[in-house]
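Working notes for the structure below.
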Amino acid sequence: MKKITFEDYKNKVLGGWVGKCAGGILGAPIEGFKNFNKIPFTDDLFATNFANDDLDLQVLWLDMILKKGADVREQDFNEHWQNHVEFPWCEYGIAMRNIRLGLDNPSTGKHNNWYWDTGMGSPIRSEIWGMVTPGHPKLAAFYAGIDSRLDHAGFSVTAEQYLSACASIAFFETDIKEVLVKGLAYIPADSDVAQLVNQVFEWDRDYDFKIVAAKIKSVYGDADFTSAPMNIGFTILSLLHTEHSFDFLIDALHLGHDSDCVVATAGALLGIVLGYDGIPQLWKDRVGDELLVSPEIVNIYCPDTLTELAELTCKAGLSFVDTENGIEITDCPNELKTDFPKKLYALNVETLILPNPVTKTKGHAVIHYENLTKQDQQIRLSIDSDYLKGQKIDLAVKAKSKVSEKVEIDLKKVNFDNSKVTIPYKITVNLNDHTESYKKGFPFYGSWLLMGPFIEDDESLVPFHPKYPDHGLDSLPSVKYMNQDKKCAEKEFISIPEIKTLIKDKSIFAQPYQTKIISPNEMKMDLKEHFHGIGERALYLYTEVTSSTDVKKWLALGAAGYLTVWFNNKQVYKNDQLVRSYPIAHSVELDFKKGTNSILIRLDAFLDDFKIEVGLKEFNNKHPHQEQWDTELQFNCIDSLS
């Protein structure tokens, strides 16, 4: 049995929050600068306090715990996020879109999230789970996993679990390196996170700080400054050089990149180890007691001070800690103990394959049901929808256990409304006399008319090599010509008016090039799935969007080739420089008129990368990075073709 007095518990929690804020204040002004630096360390660095999502989202989860207790599960996280988070950025925005469309955690973190799923957005909110489960790292990792899978997958999930376990261990361990070593026992030994941590340990034994930092960037570096592997590596390196002094935070700051996350995470772990009483007064004065929370966290109770934050964190922790877990908090004030209503079960649906009414693809999902009571349960689950075949599933679930049931999602033979952005359904739980229903959905990504590829010879490549003839026969063209086609042909192969005429004449599919309706299962499409060869070629995608009002949206595009966009017969975008593909690599303002609007996109691909990503974002006179993903308008070429 591990014991800690309530005062010691609160002392360590407050130390952790002070360390978190110290790092956030230091790192926020240079966040996103992808370089190592040498910033002079003065008290002026603490002149301005900053609200920071690193702490904001932990205040969010604290509010959830204080309202619901320790039995929080995926549905609670999703609801609290949807109701109280307005962050539009990166993985946060993707998760919000997925939640709005009806997906459950963990699909909310996986679906459409190929670019940001291993970002720092969840490792940075690890401390809360260690703080409410002091000395119980396995439990900390359990909750951290649920948390992270809301908007992440893979590396970031394991990283948050690892850091949460470390935070929990830090309540009973006085050596920071031992904390890092012991934390590895709570993640898979063969995981990418464990391998990274051990790699940094090994490098640190053999090389000095600057060399190890450079090796981390070389091996784990990423164009996305928020990429977790690189920044977790920097965090581990920083903690190995703390010498149990807060002065090390300036060395962590010099590592740059996602600087506030690196410095704040390292500062929080050391703060828990030292406790508030062990932090030098100079550092306490620098940080102060003020707590700022971003305005995008809405309609929850936000403490004004770190002192109150620590008190509420400890109050929340009392619902997680009991003697059954081998942890006891002694001398606890009775007024802080709260009896929460007991939940009977937890339910979430993991989507494996989306059903698609255009391609007639069946969906597959796994229903996860957890019995939270100490009695066995007999339950019936019912799935109902106007568009899906109903199902009834009977389950026997042992006390305090979890079952998972894989189900096939069949579409009904009814006319689907192609303007919808989701296929809605309802899942009902019948348990004895207790019945509850939950509205959910499967995202739908509409339809596009794919035309092409269009291929042109590049006759400029015909001549032989002037010094070393390519072949033995003069009649043959050069090897270059044999292996390359024309890049970005000046010729326009099709236009919106021509497409509309061909559709009206019902001859669109009788053209001397491929014409095909495609319906993707995410915003990203690999057009290579629809033709055979490789090489330089142009592809066109046509669709229509029907709006009930005049409204402006951002069109967000990602592609590694050249893009041209026409909107309602007018060219509105053409890039003259190649950029890496990511979800908002290209953005265009579109003024949708009430009624039907036409979009035509041309992709000129010449490096055998035929992927393109297309989505809409809301428009509120902000940069598209600051806007939420749209969940109202749909890409729909089907209705005009039928």
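The values are calculated or read from the model by the stated rules, or taken from the named source; none is laboratory data. It should be emphasised that the depicted structure is a prediction, and the values quoted were computed from it without experimental measurement. Ideal geometry is used to build each Cβ from the backbone, glycine not excepted, and the neighbour counts take in all protein chains shown. The protein model used for the area step is the full one, side chains on, heavy atoms only, and it has no ligands, DNA or RNA in it. Shrake-Rupley method; radii C 1.70, N 1.55, O 1.52, S 1.80 Å.
Here are some notes:
- Within the range 331-372, considering residues that are in contact (Cβ under 8 Å) with a residue 24 or more places away in the chain and of a type in the set (Lys, Arg), the one surrounded by the most Cβ atoms within 10 Å (Cβ to Cβ): LYS343
- Looking only at the range 423-454, residues that are closer than 24 Å to LEU527 by Cβ, open to solvent by 10 Å² or more (accessible area, probe 1.4 Å) and not hydroxyl-bearing (Ser, Thr, Tyr) come to 2 in all.
- Within the range 506-523, residues that are under 14 Å from MET451 (Cα atoms) and assigned to a loop (DSSP other than H, G, I, E, B) sit with their Cβ atoms under 6 Å from residues that are of a type outside the set (A, V, I, L, M, F, W, C) and open to solvent by 50 Å² or more (accessible area, probe 1.4 Å), at 6+ positions apart or across chains, in these pairs: SER519/THR359.
- Of the residues making up the range 274-307, those that are charged (D, E, K, R) and either open to solvent by less than 30 Å² (accessible area, probe 1.4 Å) or in contact with a strand residue (DSSP E or B) (Cβ under 6 Å, 6 or more places away or on another chain) (or both) are LYS284, ASP289.
- Residues of the range 455-476 satisfying the condition of being in contact (Cβ under 8 Å) with a residue 12 or more places away in the chain, surrounded by 14 or more Cβ atoms within 10 Å (Cβ to Cβ) and over 24 Å from HIS532 (Cα atoms): PHE464
- Answer residue from the range 587-642, given it is of a type in the set (A, V, I, L, M, F, W, C) and assigned to a loop (DSSP other than H, G, I, E, B) and is surrounded by the fewest Cβ atoms within 10 Å (Cβ to Cβ) among those: LEU607
- Breaking point among (1) open to solvent by less than 10 Å² (accessible area, probe 1.4 Å); (2) closer than 30 Å to ASP526 by Cβ; (3) of a type in the set (Asp, Glu), for ASP117: (1)
- Filtered by the rule that a residue be touching a Leu at 6+ places or on another chain (Cβ under 8 Å), buried (at least 19 other Cβ atoms within 10 Å of the Cβ) and farther than 11 Å from LYS611 by Cβ, the range 519-530 gives a lone residue, ASN521.
- Figure legend. Inter-residue proximity from the range 557-586: first residues over 20 Å from ASP630 (Cα atoms), second residues basic (Lys, Arg) and open to solvent by less than 50 Å² (accessible area, probe 1.4 Å), beta-carbon distance below 6 Å, spacing 6+ or different chains. Indicated pairs: THR564/ARG602.
- For LYS67: the one exception among (1) in a helix (DSSP H, G or I); (2) in contact (Cβ under 8 Å) with a residue 24 or more places away in the chain: (2)
- Test: residue in the range 96-103 that is in a helix (DSSP H, G or I) and open to solvent by less than 10 Å² (accessible area, probe 1.4 Å): yes
- Selection of first residues in the range 214-230 that are farther than 12 Å from TRP116 by Cα and of second residues that are at pLDDT below 95 and crowded, with 21+ Cβ neighbours inside 10 Å, restricted to Cβ pairs under 6 Å at least 6 apart or on distinct chains, gives an empty result.
- With respect to the conditions (1) under 17 Å from ILE638 (Cα atoms); (2) free of Cβ contacts under 8 Å to residues at least 24 places away in the same chain; (3) in a loop (DSSP other than H, G, I, E, B), LEU502 falls short on a single one, namely (3).
- When the range 174-183 is filtered for residues that are buried (at least 18 other Cβ atoms within 10 Å of the Cβ) and either under 14 Å from LEU240 (Cβ atoms) or touching a Ser or Thr at 6+ places or on another chain (Cβ under 9 Å) (or both), the ones remaining, listed by number, are ILE176, VAL179, LEU180, GLY183.
- Qualifying residue in the range 2-24 (condition: surrounded by fewer than 24 Cβ atoms within 10 Å (Cβ to Cβ), hydroxyl-bearing (Ser, Thr, Tyr), modelled with pLDDT under 95 and over 22 Å from the mean Cα position of the chain (by Cα)): no
- Residue within the range 548-562 that is open to solvent by less than 20 Å² (accessible area, probe 1.4 Å) and among the β-branched types (Val, Ile, Thr) present: no
- Considered as a group, the residues in the range 133-192 that are polar (S, T, N, Q) and either modelled with pLDDT under 95 or assigned to a loop (DSSP other than H, G, I, E, B) (or both) include one that is nearest to ASP322 (Cα to Cα), and that residue is THR133.
- For the range 420-435, a residue qualifies if it is among the charged types (D, E, K, R) and part of a strand (DSSP E or B), and exactly one does: LYS426.
- Meets criteria (assigned to a loop (DSSP other than H, G, I, E, B), touching a residue at least 40 places away in the same chain (Cβ under 8 Å), of a type in the set (Gly, Ala, Ser) and over 24 Å from PRO355 (Cα atoms)) for GLY32: yes
- With respect to (1) assigned to a helix (DSSP H, G or I); (2) touching a residue at least 12 places away in the same chain (Cβ under 8 Å); (3) farther than 22 Å from ALA22 by Cβ, the lone exception for ILE211 is condition (2).
- Scanning the range 532-576 for residues that are under 31 Å from the mean Cα position of the chain (by Cα), farther than 22 Å from LYS617 by Cβ and not in a strand (DSSP E or B) yields one hit, ASP576.
- Residues (among the aromatic types (Phe, Trp, Tyr), closer than 16 Å to ASP53 by Cα and open to solvent by less than 20 Å² (accessible area, probe 1.4 Å)) located in the range 217-266: none
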